[in-house]
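A.B. asks: The structure that follows is given in the form of structure tokens.
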Amino acid sequence: MLRWLSVTAFAVALGAACAGAPPVPAQRFTDAESEIKAAQEIGAANNPQGKLHLQQAQDQLALAKKLSKDDPAVAARKLDNAQAEAELAKSITRETSTRAEADEARTRLQNAQKNLSGTGGGR
Amino acid sequence: MRWSFAIPAAAALVLACGHMEATPQLKQAQAAYDKAAQGPAAQYSPADLATAKKALDQANASLESNDKELVDDKASLALSKTAIADSAGRTQQAAAERDASLKELNITRDQMLSKTQEELDRERQARTAAESQLAQSRKDLEQFARVQDMARGTVITLSGGVLFDTGKAELLPGAQDQLARVASYLKNSPRPVVIEGYTDSRGSAKKNQALSERRAQAVSDFLTAQGVPADRVRSVGKGASSPVASNASSNGRAQNRRVEIVLENAPATAGSPATTDTGRGGSAAPGSEPEKQEAPASPPTNPR
């Protein structure tokens, strides 16, 4: 009896080892796709650097889909990279617009200060 | 002999426990992180920088797997996370600059508004003071002259008897004090001034015309000497025209021998010099008062 139990346990362990990494959860793909969509929505495609990272995100996502069946561990890493690239595209796009706002505010301030110092002599 | 087995065994053990060297991708990620840690991310996005550090540590740890593809994937992730931290830091820095500029802009606008308000207040005060001075000056004039507001402006009438001897165009010493006060009044205004000389109807019209011109000119010269800008002043001789009283009585003739100083309503034209207008040309002569009646012709006598 004990002998049969040992054989069964060994067989289960061997089976688990041969099965490899578990499949990539579908939610991981959904998350990466949502991140790419969010980057597109804030206009990453209109930003030269943002566009580049958005394209890389899409490439990584496509690769993950291709590898998901045969090599889910690698596919999961490609998904990580796709999500990070999409996040980077968003961040760069936000940075560009915030920098433009900062530059505009500085120009407005300089003009106002120039007007203020130029109105010393009365009208 | 035993050593000959021990050395290869030790080498095999080292190889089994050791791991691969950092890939170019991982070196790039490390360099990018080191640079980002010195930039705005350290101050503005420390959480993102910590996430990048964690990804970099995981990439370094993956070297133990001796799997180059795994290392490069992890390094690539660390590189992206570092770039995110760097970008977030610059974004926060730009946002801080923007907010500071906008705050300063509001302060500057408030200062501009306040300055404009102060200027308006000063102008208002100056205008009120000038009006008050003009009113006071006019009250002063009304003590010795007739001051009337008419369609063409403010008309100050001075009696000829006070200003000139009969038949003369030289100002009497007593007239100078009055004219100095008139000059003070005129200097409070930028409006043009017309000085009109009149005589009574005794004497020839030609002589009366010439006398009235010289009298108007004498007054004009005195006023400009007192500081009334010459380009605002014009003098006109009107002779015996436009009497204000009957020439039949000595009292009426005294009223008709007069000088009228008109502070016109229209602003002065810059650069037009003081001139003498003969006033000849009938009832349409410039400066004549339309509301006044033309006096009936009187026989020529000695000019007064």
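A.B. asks: Those residues that are in contact with a helix residue (DSSP H, G or I) (Cβ under 6 Å, 6 or more places away or on another chain) and of a type in the set (A, V, I, L, M, F, W, C), I need them from segment B:81-129; list them, please.
C.D. replies: B:A83, B:I84, B:A85, B:A88, B:A94, B:A95, B:L102, B:L105, B:M112
A.B. asks: Restricting to segment B:156-194, name every residue that is aromatic (F, W, Y) and more than 21 Å from B:E131 (Cα to Cα). Lay out the reasoning, then the answer.
C.D. replies: If we filter segment B:156-194 for residues that are aromatic (F, W, Y), which is where we start, we get B:164, B:185.
Of everything in segment B:156-194, just one residue is aromatic (F, W, Y) and more than 21 Å from B:E131 (Cα to Cα), namely B:F164.
A.B. asks: Right, here's the next one. Considering A:E85, A:E33, which residue is under 13 Å from the mean Cα position of the chain (by Cα), surrounded by 17 or more Cβ atoms within 10 Å (Cβ to Cβ), part of a helix (DSSP H, G or I) and within 12 Å of another protein chain (Cβ to nearest Cβ)? Give the steps one after another, and end with the answer.
C.D. replies: Working: A:E33 fails: within 12 Å of another protein chain (Cβ to nearest Cβ).
On inspection, the qualifying residue turns out to be A:E85.
A.B. asks: crowded, with 16+ Cβ neighbours inside 10 Å and not assigned by TED's automatic domain parsing to the domain that holds B:S250: which single residue out of B:S212, B:S137 fits that description? Even if it seems obvious, please write down each step before you answer.
C.D. replies: Values: B:S212 fails: not assigned by TED's automatic domain parsing to the domain that holds B:S250.
Every option except B:S137 fails the conditions.
A.B. asks: Do the conditions hold for B:D140, that is, is it in contact with an Asp or Glu (Cβ under 9 Å, 6 or more places away or on another chain) and either touching a residue at least 40 places away in the same chain (Cβ under 8 Å) or at the interface with chain A (Cβ under 7 Å from one of its Cβ atoms) (or both)?
C.D. replies: Working: in contact with an Asp or Glu (Cβ under 9 Å, 6 or more places away or on another chain): no; either touching a residue at least 40 places away in the same chain (Cβ under 8 Å) or at the interface with chain A (Cβ under 7 Å from one of its Cβ atoms) (or both): yes.
In short, no.
A.B. asks: Hey, any hits in segment B:257-276 for a residue that's modelled with pLDDT of 50 or more, surrounded by 14 or more Cβ atoms within 10 Å (Cβ to Cβ) and assigned to a loop (DSSP other than H, G, I, E, B)?
C.D. replies: Scanning segment B:257-276 turns up at least one residue that is modelled with pLDDT of 50 or more, surrounded by 14 or more Cβ atoms within 10 Å (Cβ to Cβ) and assigned to a loop (DSSP other than H, G, I, E, B).
A.B. asks: Continuing with the same structure: Identify, please: which residue in segment B:53-97 is within 54 Å of the chain's Cα centre (by Cα) and more than 8 Å from every other protein chain (Cβ to nearest Cβ) and is, among those, nearest to A:A82 (Cα to Cα)?
C.D. replies: B:A85
A.B. asks: Now, a different point. Those residues that are hydrophobic (A, V, I, L, M, F, W, C) and surrounded by 12 or more Cβ atoms within 10 Å (Cβ to Cβ), I need them from segment B:108-134; list them, please. If you could, list the steps in order and put the result at the bottom.
C.D. replies: Within segment B:108-134, the first condition is being hydrophobic (A, V, I, L, M, F, W, C), and the residues that meet it are B:112-113, B:120, B:126, B:129-130, B:134.
Of everything in segment B:108-134, those that are hydrophobic (A, V, I, L, M, F, W, C) and surrounded by 12 or more Cβ atoms within 10 Å (Cβ to Cβ) turn out to be B:M112, B:A130, B:L134.
A.B. asks: Tell me, yes or no, whether segment B:158-165 has at least one residue that is hydrophobic (A, V, I, L, M, F, W, C), touching a strand residue (DSSP E or B) at 6+ places or on another chain (Cβ under 6 Å), modelled with pLDDT of 95 or more and under 14 Å from B:L263 (Cβ atoms).
C.D. replies: no
A.B. asks: Please work out which residue is nearest to the other protein chains (Cβ to nearest Cβ), limiting yourself to segment A:60-82 and to residues that are surrounded by 21 or more Cβ atoms within 10 Å (Cβ to Cβ) and among the polar types (S, T, N, Q).
C.D. replies: A:N81
The values are calculated or read from the model by the stated rules, or taken from the named source; none is laboratory data. Quick caveat: nothing in here was measured; it's all calculated off a predicted structure. Don't worry about glycine lacking a Cβ; one is built from the backbone with ideal geometry, like all the others, and counts go over all protein chains shown.
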